[in-house]
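Undergrad: Okay, handing you the structure first.
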Amino acid sequence: MSIEEARLKICNLSLDQYPQIKALMDEAYPELGGAWPEHTLAHLISEFPEGQIGIYDDEELVGIALSVQVNYARFSNPHTYEDIVDSNDRVVSDPNGDALYGLDVVIKQSHRGLRLGRRLYEARKELCRQYNMKAILAGGRIPNYHNYKADMNPMEYIAKVAGKEIYDPILSFQLSNDFTVKRLLRRYLPEDEESVGYATLLEWDNILYEPEQTVIGSRKSIVRVGAVQWQLRSVRSLQDLLDQVEFFVDAVSDYKSDFIVFPELFSAPLMGLDEHRSQTEAIRFLAKYTEIVRDKMSQMAIEYNANIIAGSMPLSEGDKLFNVSYLCHRSGRIDEQRKIHITPHEKNDWVFHGGDKVNVFETDAGRVGILICYDVEFPELSRILAEKQLEILFVPFWTDTKNSYLRVRHCAQARAVENECYVVIAGNVGNLPRVESLDVQYSQSAVLTPSDFPFPHDAILSEATPNTEMLLFSDLDMSKLKILHSEGSVRNLKDRRKDLYDIVVKK
């Protein structure tokens, strides 16, 4: 059968197609007794019609995929073929089952080599997603094992098939379709002499599976973020600054944003409220306001129903000063992330000390992390967060020139790609003539994505106009991350060579 002559379509099977179904199964399984009796197919079609899929070439049935619903907890553990199909060819079917069980995939001999089996498997996977089932399970025969049973045990055989040292017509096909071997099934089908009675328990996980839960407890699949490209301007009082913060929180919350992000050291205008002999004195003066501003922003998070990443502010602890970002949850909880790596200017003029840990924070809209400006230039930190299932990385930054901005921007883009997460960067614009070292700013806030087909071609979801005070909104599709982690063109999280190297946190 040539590809040029094929006229293919996929449909659900009906009982009047049984003669063609029987012919297919008789051709495929002569050594196992051929086709199931008609009453078995009638039961399958009656109980679960969507799970019985056929592929036609014009008017001829040339392939079938048969499935039932089962309980995952039961059939992800050891079982035999008779637990699915009893001695009277009655098939177990659970209408409340949370998994698909693949019974058979058969392709007519004249149409093999056209990848029709792969097409049926994709239809099965889509069915699993649409029904929100946990997985597809299958007992897979290993029909070439009888040729190797004298030289190796079944597990050694499976390992060599997985390593492509041996070809097995069923197991090799299953592995190429993203199934994994969960365990070996003994005496699965005793009369199967080719497999010596063994089978593999195969599993394909539905990464989009969502357990049943109430609407209140459910996680959002679309998360909206609002980044504030903040203009540094002189203020006459603390209230001036808080009024400006609340203006943006109010504006962003009007768009039902889940997160609002402010830049690094956005409270710096408060340093202009007094004269200072040195930059060290100025930053310590600013630190006196930090807890007040933090608490007011936490109150705003509750009132405006949005999680606020409060940029960063200096925090005084004893004689030490830290650069700290606060995550003000709309529930009222406050988390903090301290800047780990301190720039030469921060170390010499402001005498900041570095923090000693990085965290992933569980929120009502995803698992998030915060790296303040310079920290995003150190890939180890983001990798630590990624290994804790990071989904969104927030980067409040402050840069004075374009080249320093581009260091942050390019590193943030790399973090999105290598850690398969969204990255939101937010910076300052404007100037503060009365504050030393804050006289010029360069910023272009942005929302960056991984670089693969589900995302924008340039891996930029949105970006602000450079050096202009404005708001930036983006909707982040969290399901795209799940698909990327499992089915991406490349899989940076999965494919790292942990057998060769790893990241070790000393504290």
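The values are calculated or read from the model by the stated rules, or taken from the named source; none is laboratory data. Please read these numbers as outputs of a predicted model, since none were measured by experiment. Methodologically, a virtual Cβ is constructed for each residue, glycine included, from the backbone with ideal geometry; neighbour enumeration extends over all protein chains shown.
Undergrad: Taking F352 as the residue in question, decide whether it is among the aromatic types (F, W, Y) and more than 20 Å from V223 (Cβ to Cβ). Even if it seems obvious, please write down each step before you answer.
TA: Values: among the aromatic types (F, W, Y): yes; more than 20 Å from V223 (Cβ to Cβ): yes.
Taking the combined requirement at face value, the residue satisfies it.
Undergrad: Just one of R284, R277 is more than 23 Å from A227 (Cα to Cα), modelled with pLDDT under 95 and in contact with a strand residue (DSSP E or B) (Cβ under 9 Å, 6 or more places away or on another chain); which is it? Talk me through it step by step, then tell me what you get.
TA: Numbers: R277 fails: in contact with a strand residue (DSSP E or B) (Cβ under 9 Å, 6 or more places away or on another chain).
Every option except R284 fails the conditions.
Undergrad: Could you check K506 against (1) among the charged types (D, E, K, R); (2) assigned by TED's automatic domain parsing to the domain that holds L371; (3) over 28 Å from S257 (Cβ atoms) and say which number it fails?
TA: That leaves (2) as the condition not met.
Undergrad: Now for a separate question. Is it true that some residue in the stretch 307-330 is of a type in the set (A, V, I, L, M, F, W, C), farther than 19 Å from L286 by Cα and surrounded by fewer than 20 Cβ atoms within 10 Å (Cβ to Cβ)?
TA: Pass one, the stretch 307-330, residues of a type in the set (A, V, I, L, M, F, W, C): 308-310, 313, 315, 321-322, 324, 327-328.
Filter once more, keeping what is farther than 19 Å from L286 by Cα: 308, 327-328.
Next, from what is left, pick out any that are surrounded by fewer than 20 Cβ atoms within 10 Å (Cβ to Cβ): none.
For the stretch 307-330, residues of a type in the set (A, V, I, L, M, F, W, C), farther than 19 Å from L286 by Cα and surrounded by fewer than 20 Cβ atoms within 10 Å (Cβ to Cβ): absent.
Undergrad: Which members of the stretch 415-458 meet the condition of being surrounded by fewer than 20 Cβ atoms within 10 Å (Cβ to Cβ), within 21 Å of I384 (Cβ to Cβ) and of a type in the set (D, E)?
TA: Residue satisfying the conditions is E418 alone.
Undergrad: Turning to a different aspect of this structure: Are any of the residues in the stretch 195-215 of a type in the set (V, I, T), farther than 30 Å from N323 by Cα and more than 32 Å from the chain's Cα centre (by Cα)?
TA: Looking only at the stretch 195-215, we keep the residues that are of a type in the set (V, I, T), and these are 196, 200, 207, 214-215.
Checking which are farther than 30 Å from N323 by Cα leaves us with 196, 200, 207, 214-215.
Next, from what is left, pick out any that are more than 32 Å from the chain's Cα centre (by Cα): 196.
Checked against the condition, which is being of a type in the set (V, I, T), farther than 30 Å from N323 by Cα and more than 32 Å from the chain's Cα centre (by Cα), the stretch 195-215 yields at least one hit.
Undergrad: Here's a follow-up. Applying the selection to the stretch 359-380, what residues are within 22 Å of H345 (Cβ to Cβ) and of a type in the set (A, V, I, L, M, F, W, C)?
TA: I370, L371, I372, C373, V376, F378 - these are the residues of the stretch 359-380 that are within 22 Å of H345 (Cβ to Cβ) and of a type in the set (A, V, I, L, M, F, W, C).
Undergrad: Further, regarding this structure: Name the single residue that is farthest from the chain's Cα centre (by Cα) among those in the stretch 86-110 being buried (at least 18 other Cβ atoms within 10 Å of the Cβ) and at pLDDT below 90.
TA: If we filter the stretch 86-110 for residues that are buried (at least 18 other Cβ atoms within 10 Å of the Cβ), which is where we start, we get 91-93, 97-103, 105-108.
After this cut, where a residue has to be at pLDDT below 90 as well, the list is 91-93.
Details: V91: 36, V92: 34, S93: 32 Å.
The qualifying residue farthest from the chain's Cα centre (by Cα) is V91.
Undergrad: Restricted to the stretch 394-414, and to residues that are under 19 Å from I342 (Cα atoms) and within 20 Å of the chain's Cα centre (by Cα), which residue is surrounded by the fewest Cβ atoms within 10 Å (Cβ to Cβ)?
TA: A412
Undergrad: Just name the residue that is nearest to M470 (Cα to Cα) out of those in the stretch 227-243 that are of a type outside the set (A, V, I, L, M) and not in a helix (DSSP H, G or I).
TA: Going through the stretch 227-243, the residues of a type outside the set (A, V, I, L, M) turn out to be 229-231, 233-234, 236-237, 239-240, 243.
Subset that is not in a helix (DSSP H, G or I): 229-231, 233-234, 236-237.
Values: Q229: 5, W230: 7, Q231: 9, R233: 14, S234: 18, R236: 22, S237: 23 Å.
This residue is Q229.
Undergrad: Collect the residues in the stretch 461-507 that are closer than 30 Å to K402 by Cα and crowded, with 16+ Cβ neighbours inside 10 Å, keeping them in residue-number order. Walk me through how you get there before you give the answer.
TA: Looking only at the stretch 461-507, we keep the residues that are closer than 30 Å to K402 by Cα, and these are 461-476, 492.
Selection gives L461, S462, E463, A464, N467, E469, L471, L472, S474, L476, N492.
Undergrad: If you check every pair at least six apart or on different chains, which have Cβ atoms under 8 Å apart with a residue in the stretch 462-491 that is free of Cβ contacts under 8 Å to residues at least 40 places away in the same chain and closer than 18 Å to Q441 by Cα first and a residue that is in a strand (DSSP E or B) and of a type in the set (K, R) second?
TA: If the second residue must be in a strand (DSSP E or B) and of a type in the set (K, R), no pairs are left.
Undergrad: Also, quick follow-up: Taking C373 as meeting all but one of (1) buried (at least 16 other Cβ atoms within 10 Å of the Cβ); (2) free of Cβ contacts under 8 Å to residues at least 40 places away in the same chain; (3) farther than 16 Å from C421 by Cβ, write down the number of the exception.
TA: So C373 meets the others, but not (2).
Undergrad: Within the stretch 47-70, which residues are assigned to a loop (DSSP other than H, G, I, E, B) and of a type in the set (F, W, Y)? Steps first, answer last, please.
TA: Going through the stretch 47-70, the residues assigned to a loop (DSSP other than H, G, I, E, B) turn out to be 48, 52, 58-59.
The answer is F48, and nothing else.
Undergrad: Collect the residues in the stretch 252-275 that are in contact (Cβ under 8 Å) with a residue 60 or more places away in the chain, within 19 Å of L327 (Cα to Cα) and assigned to a helix (DSSP H, G or I), keeping them in residue-number order.
TA: Listed by number, the residues that qualify are V252, A268.
Undergrad: I've got another one for you. Take the stretch 155-170 and flag every residue that is surrounded by 14 or more Cβ atoms within 10 Å (Cβ to Cβ) and either among the charged types (D, E, K, R) or touching a Pro at 6+ places or on another chain (Cβ under 9 Å) (or both).
TA: Once the filter is applied, which keeps residues that are surrounded by 14 or more Cβ atoms within 10 Å (Cβ to Cβ) and either among the charged types (D, E, K, R) or touching a Pro at 6+ places or on another chain (Cβ under 9 Å) (or both), the stretch 155-170 yields K160, D168, I170.
Undergrad: Please verify whether the stretch 31-46 includes one or more residues that are assigned to a loop (DSSP other than H, G, I, E, B), touching a Phe, Trp or Tyr at 6+ places or on another chain (Cβ under 7 Å), at pLDDT below 90 and surrounded by fewer than 18 Cβ atoms within 10 Å (Cβ to Cβ). Reasoning before the result, please.
TA: First, pick out the residues of the stretch 31-46 that are assigned to a loop (DSSP other than H, G, I, E, B): 33-37.
If we keep only those that are touching a Phe, Trp or Tyr at 6+ places or on another chain (Cβ under 7 Å) as well, we get none.
Checked against the condition, which is being assigned to a loop (DSSP other than H, G, I, E, B), touching a Phe, Trp or Tyr at 6+ places or on another chain (Cβ under 7 Å), at pLDDT below 90 and surrounded by fewer than 18 Cβ atoms within 10 Å (Cβ to Cβ), the stretch 31-46 yields no hits at all.
Undergrad: With (1) surrounded by fewer than 18 Cβ atoms within 10 Å (Cβ to Cβ); (2) of a type in the set (D, E, K, R); (3) within 29 Å of the chain's Cα centre (by Cα) as the list, and K134 as the residue in question, which single condition is left unmet?
TA: (1)
Undergrad: Residue check, F378 against (1) under 14 Å from the mean Cα position of the chain (by Cα); (2) under 30 Å from R333 (Cβ atoms); (3) of a type outside the set (D, E); (4) surrounded by fewer than 17 Cβ atoms within 10 Å (Cβ to Cβ), all met but one. Which one?
TA: In the conditions (1) under 14 Å from the mean Cα position of the chain (by Cα); (2) under 30 Å from R333 (Cβ atoms); (3) of a type outside the set (D, E); (4) surrounded by fewer than 17 Cβ atoms within 10 Å (Cβ to Cβ), F378 misses (1) alone.
Undergrad: Still on this structure: Of the residues that sit in the stretch 366-407 and are in contact with a Gly (Cβ under 8 Å, 6 or more places away or on another chain) and β-branched (V, I, T), which one is farthest from I222 (Cα to Cα)?
TA: Checking each candidate, the answer is T399.
Undergrad: Please work out if E264 is among the acidic types (D, E), touching a helix residue (DSSP H, G or I) at 6+ places or on another chain (Cβ under 6 Å) and over 22 Å from K506 (Cα atoms).
TA: Details: among the acidic types (D, E): yes; touching a helix residue (DSSP H, G or I) at 6+ places or on another chain (Cβ under 6 Å): yes; over 22 Å from K506 (Cα atoms): yes.
Yes.
Undergrad: Another question, then. Only one of these is closer than 26 Å to L100 by Cβ and out of contact with any Pro (no Cβ under 7 Å at 6 or more places or on another chain): L175, L238. Name it.
TA: Numbers: L238 fails: closer than 26 Å to L100 by Cβ.
Answer to the check: L175.
Undergrad: Follow-up. State all residues of the stretch 150-172 that are farther than 22 Å from Y101 by Cα and charged (D, E, K, R); if no residue qualifies, say none.
TA: Across the stretch 150-172, the qualifying residues are D151, E156, K160, K164, E165.
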